[in-house]
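Here the structure is laid out as structure tokens; the discussion comes afterwards.
Values quoted throughout were computed directly from the atomic coordinates according to the rules given, and no laboratory measurement underlies them. Just so we're clear, the structure is a prediction, and the values are computed from it rather than from any experiment. FYI the Cβ positions are ideal-geometry reconstructions off the backbone, even for glycines, and counts take in every protein chain you see.
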Amino acid sequence: MQKIKVEIPACPKSSYTIAIDNDFLPSVLSQIKKLLPGKELFLITDVNIAKTKHLKNLLGRENVPRFIISPAGEKSKNIKTVTKIVEEMEKKSLGRDCAVIALGGGTVGDIAGFVAAIYKRGVPVIQIPTTTVAQADSAVGGKTGVDSSISKNAFGIFKNPAAVFIDVNTLKTLDEKQFNSGLVESIKHGLIADANYLTYLQKNLKGILARKQKPLEYIAVKNCKIKAAVVGSDPCEKNKRRILNYGHTIGHAIESASNYKLLHGQAVAIGIIAANIIEQKLGLGGKERLQVLKRLFGELNISLKIPKNITKRQILDIISRDKKAVQKWPRFVLLEKTGKVLCKNGQFAHQVERKIVEEAINILIKENY
Ligand SMILES: NC(=O)c1ccc[n+]([C@@H]2O[C@H](COP(=O)([O-])OP(=O)(O)OC[C@H]3O[C@@H](n4cnc5c(N)ncnc54)[C@H](O)[C@@H]3O)[C@@H](O)[C@H]2O)c1
Ligand SMILES: [Zn+2]
């Protein structure tokens, strides 16, 4: 028998810059060209964003080949859309020396990142996020992918962007429900990493909701710093990165049980309340924090009601199939206090007795908190 050893060189260390400003889209294309000299550009956006001024602001008079995803949103986040985009890029004779620009929310960003990761074995992607979810969360961290008919993000790969450009002015055209729901990820960042940031959000919510430039820039910077620090310490989600899933275990289950009728942020808000109930049951405290959260979610007009047709059994079934479940039971990220995640023996996600989780779900369904 012959044995051949293949030595894989370590992945080169990579880094990228996130530029945050207000109303600077008209200068972004020239910045991209400077960053990626000689690359042919291909733009991916969706039908709603194509109707706003943002596309024109970004491209000016340049005729960049493009693909406009239609319909917008999760319905298009599948492999068929990926195939259509790849074939469109081939028709435009784009080679490995091209780069993809994603202008849009998390849906566009996830699809475009995935396309860039697989096109001709990988081309750079530039993320230009335009929603509160994308600016706080999805454009940073390199998770990309699309859904199968069975589950979310079933096709997926890590693909770090070459750069991220956050123009907070793009948020001005976002629908109110989407805008508010996306802010739940900012609240999550305060909870897991920075109590002062949570206080800032409480004190400045009015300005944020009025979409004032300064607070929008402030939260964009804070969100990116918090997410970048976590992702930088654990890019492939072996351990610490899981803290970004705070509130998401039960949140995702409720989102999925609602057939994605609930917006992600609303489902996560309910999941954050669930985590708080579990924390209280485990003697970790959090009673005062619960009042703060209820007030904040109320001010965002986010209903914490679980739709009547969703049962405790359904939620338990779904969490037992959680991607990160061990022996059909998920691990929970919990807070030791506001701004600090519980870490035991170096682990950031913890086993919680089924009985406690069941009790928490009962309380959640009855809104008895
Ligand atoms: N990769 C990650 O780490 C990560 C993290 C969080 C969420 N996600 C994914 O992100 C997706 C959700 O993203 P989303 O909440 O941004 O939703 P989205 O991208 O579907 O956008 C929501 C709606 O707002 C519209 N829109 C976007 N920007 C606009 C603007 N500036 N003005 C007017 N309309 C605008 C879109 O056309 C769409 O109809 C999900 O698929 C989720 O799985 C990924
Ligand atoms: Zn989320």
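Please work out, to two decimal places, the log10 of the ratio I(q)/I(0) at q = 0.21, 0.24 Å⁻¹ from a Debye calculation in which every Cα of region 328-368 carries one identical scatterer.
Normalising to I(0) and taking log10 leaves -0.78, -0.89.
Which value at 222 nm does the chain reach when only helices count, each DSSP H run of 4 or more adding -39,500 (n - 2.57), with the total divided by all residues and rounded to the nearest 500 deg cm²/dmol? Intermediate values should be presented prior to the final figure.
Working: 14 runs with 165 residues, N = 369.
Result for the chain: -14000 deg cm²/dmol, rounded to the nearest 500.
Send over the Kirkwood Rh of the chain, from the inverse of the averaged 1/r over different Cα pairs, rounded to one decimal Å.
Values: mean 1/r = 0.0467 Å⁻¹.
That comes to 21.4 Å for the chain.
Taking other Cβ within 10 Å of each residue's Cβ, how do Cys98, Cys343 sort, fewest first?
Values: Cys98 20, Cys343 16.
Sorted ascending by nearby Cβ count, the order is Cys343, Cys98.
Would you pull out the residues with amide H under 5 Å of Ile101's amide H, same chain only if 5 or more places away, H placed 1.01 Å from N?
Those qualifying (amide H under 5 Å, at least 5 residues apart or on another chain) are Phe42, Leu43, Ile44, Ile126.
If you average the sequence gap of Cα pairs under 8 Å that are 6 or more apart and divide by the length of region 144-261, what percent do you get for the contact order? Don't skip to the answer; put the middle values down first.
Numbers: 66 pairs, mean separation 22.4, N = 118.
Normalised by residue count, the contact order of region 144-261 is 19 percent.
Which entries of Lys51/Lys159; Lys177/Lys287; Lys53/Lys214; Lys53/Lys305; Lys53/Lys177 have Cα-Cα distances beyond 25 Å here? List each step's numbers first, then the result.
Values: Lys51/Lys159 28 Å; Lys177/Lys287 28 Å; Lys53/Lys214 21 Å; Lys53/Lys305 36 Å; Lys53/Lys177 20 Å.
Distance filter (> 25 Å) returns Lys51/Lys159; Lys177/Lys287; Lys53/Lys305.
Packing-wise, with mean Cβ within 10 Å as the measure, how do 67-78, 330-341, 201-212 rank, highest first? Mind showing how you got there, number by number?
On the way: 67-78: 17.3, 330-341: 19.7, 201-212: 15.3.
Peptide ranking by packing, descending: 330-341, 67-78, 201-212.
Using the 2.2 N^0.38 Å rule of thumb for compact globular proteins, work out how region 286-350 stacks up: its C-alpha Rg over that value, please.
1.41
If you average the alpha carbon positions of region 324-369 and of region 259-291, how far apart do those two centres end up, in angstrom?
The two parts, judged by their Cα centres, are 10 Å apart.
Within a 10 angstrom radius of the beta carbon, how do Thr52, Thr249, Thr130 rank from fewest other beta carbons to most? Write out the running numbers ahead of the final one.
Working: Thr52 16, Thr249 27, Thr130 30.
Ranking Thr52, Thr249, Thr130 by Cβ neighbours within 10 Å, fewest first, gives Thr52, Thr249, Thr130.
Below 8 Å, C-alpha to C-alpha, sequence gap of six or more: please give me the relative contact order for region 44-160 in percent.
Numbers: 194 pairs, mean separation 27.3, N = 117.
In percent, rounded to a whole number, it is 23.
Can you sort Arg66, Arg295 from fewest to most other Cβ atoms within 10 Å of each residue's own Cβ? Don't skip to the end; give the middle numbers.
Values: Arg66 18, Arg295 12.
By the 10 Å Cβ count, ascending, the order reads Arg295, Arg66.
Can you tell me how much longer the chain between Tyr369 and Ile79 gets when fully stretched, taken as 0.36 nm per residue apart minus their C-alpha distance, in nm with one decimal?
Numbers: separation 290, 0.36 × 290 = 104.40 nm, distance 4.17 nm.
Result: 100.2 nm gained on full extension.
Counting only residues 5 or more places away or on other chains, whose amide H sits under 5 Å from the amide H of Glu336 once H atoms are built in the peptide plane?
Here the answer is Val341, Leu342, since their amide H atoms fall under 5 Å of that of Glu336.
Which whole-number percent is the relative contact order of the chain (Cα, under 8 Å, 6+ apart)? Can you show the working numbers first?
Values: 603 pairs, mean separation 50.0, N = 369.
14 percent.
Answer with one residue from Val221, Ala275, Pro26: the one whose Cα lies farthest towards the positive end of the charge dipole of the chain, charges on Cβ with Lys, Arg +1 and Asp, Glu -1.
Most positive-ward Cα: Ala275.
Taking the radius of gyration and the Kirkwood hydrodynamic radius from Cα positions alone, what is the Rg/Rh ratio for region 170-227, to two decimal places? Please report the intermediate quantities before stating the final value.
Working: Rg = 10.7 Å, Rh = 11.4 Å.
Value, to two decimals: 0.93.
In the structure shown, do any of Lys152/Lys172; Lys227/Lys294; Lys240/Lys340; Lys152/Lys366; Lys75/Lys225 have a Cα-Cα gap over 19 Å, and if so which?
Working: Lys152/Lys172 28 Å; Lys227/Lys294 24 Å; Lys240/Lys340 12 Å; Lys152/Lys366 28 Å; Lys75/Lys225 31 Å.
With Cα atoms farther than 19 Å apart: Lys152/Lys172; Lys227/Lys294; Lys152/Lys366; Lys75/Lys225.
Based on the Cα atoms of region 17-173, what semi-axes does the equivalent ellipsoid have, where each is the square root of 5 times one gyration tensor eigenvalue, given in whole Å with the largest first?
21, 18, 15
Given charges of +1 on the Cβ of Lys and Arg and -1 on the Cβ of Asp and Glu, with all other atoms neutral, how large is the dipole of the chain about its Cα centre, in debye to the nearest 20? If you can, show how the numbers build up before the last one.
Values: 59 positive and 33 negative charges, 81 e Å.
Using only the charged Cβ atoms, the result is roughly 380 debye.
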